[in-house]
Amino acid sequence: MKAYSFIVTKSFLSFLAVFFVISFIDIAFNFFSQLEDISGNYNYYDAAMFVLASEPFRMREFIYLSAVVGILMTFADKDFLRAFNVLRQAGFRRVYFGLLFFLPVVLINLFSYEFAIPDLTKKTFAERKVKVETSQASPSTLIEIKEIDQDNIQISSNNTVIKFSKSGTVSVSVIELSQFENIDYNSNLKYLKLSELAKNADTSFENFNLLVQTEMLRRTLNFVAYFFILLIGIELLIRGQKGVNTNRILIYGFGTCLFYSFVETLVADSITVFGLPFYIQAFPILFVPVYFYLKRNVFF
């Protein structure tokens, strides 16, 4: 029981340490980026309040990275490794260990999309926009133009769909505004709640639907890749205990997570640019068979 309590406390403190260090660095850089907008309407106090109020939104982007690096960092501690090996001999499986510490992080991250952070973020950016911009333009209107076939073109707005044909025929359809009442076209999709995205995942705007569905999959499945990156890292550390050191852990943890983040962004952008099926964004599921293949054939 003492060994179990020790690894729980040690892992949690390590995760918090990495998380707050990255958050502090992010706050500092974000504050410096606000200095160019300092004016009579937007002073240093306003910039500091904006940075602090918008930080929870940015924290979501590196919470999984912090969990991976923080937990792996504990394996550089000989006392932790000794306690972990005691639990392993008692039948404590590595997958359970990963779930024990990663599942709470996943739940916190997913719930943050639905509750305080999205509303706080939208309010914070709106207040900054009022102070920084001297002229307030009216919100833009989304219009989508697409070719139905060789003879027909369709133009869609938030309440009207107009179809043109080469023969000169024009067809106008009026759409009920209630279908779009929850859509904020002028807001970054990352600022919207998961429930808002779900309600508006099927509109007359195909490109908008693609963006929404891709973002929904990204949020709900993103943690899978980081979880198995963590498990693979644990397997590597256990197999090479004599060579375990902080530098190697940092290189693997940060390097792998940052590379995955790049691939994830590349896939999401490719879906949007090339009109690919949105379910390609579910590619983190591929980490499951990859992990079990490595575990059976490499980490045996």
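What follows is calculated from the coordinates using simple rules that are stated; it is not laboratory data. Predicted model only: the values in this text are computed from it and were never measured. Positions of Cβ are backbone-derived with ideal geometry, glycine not excepted, and every protein chain shown enters the neighbour counts.
Annotations for the structure displayed:
- Of the DSSP H helices in the chain, those with a Cα length along their own long axis of 30 Å or more and a mean Kyte-Doolittle hydropathy reaching -0.5 comprise 2-34, 44-73, 94-114, 206-239, 246-274.
- Applying 0.36 nm per residue to the separation of ASP37 and PHE259 and subtracting their alpha-carbon distance, the gain on full extension is 76.7 nm.
- The residue list ALA47, GLY233, ASN109 was ranked by how far each Cα lies along the charge dipole of the chain toward its positive end, using unit charges on Cβ atoms, and GLY233 comes out on top.
- Prolate/oblate/rounded label for the chain (Cα gyration tensor, a/c 1.5): oblate
- At most 13 other Cβ within 10 Å, DSSP loop - trypsin sites (Lys or Arg not before Pro), the stretch 57-94: ARG93
- Least to most buried among TYR64, TYR96, TYR260 (fewest other Cβ within 10 Å first): TYR96, TYR260, TYR64
- Cβ-based charge dipole, the chain, positive-most Cα from LEU217, ASN297, ALA83: ALA83
- Under 5 Å, built H, 5+ apart or other chain: amide partners of ASN152: none
- Extending 7 Å from the Cα toward the beta-carbon at both SER165 and GLU144 defines two label points whose distance is 2.3 nm.
- FRET efficiency for LYS2 and ARG248, using Cβ-Cβ distance with R0 set to 25 Å, rounded to 0.05: 0.30
- Given the chain, longest segment not containing exposed loop GluC sites (Glu not before Pro) (DSSP; at most 15 other Cβ within 10 Å): 1-132
- Gain upon complete extension [ARG94, ASN152; 0.36 nm per residue less C-alpha separation]: 15.1 nm
- Fluctuation leader among ASN152, ASN247, ASN85 - the chain, Gaussian network, Cα springs under 10 angstrom: ASN152
- Between MET73, MET49, MET59, the GNM of the chain built on Cα springs shorter than 10 angstrom shows MET49 fluctuating the most.
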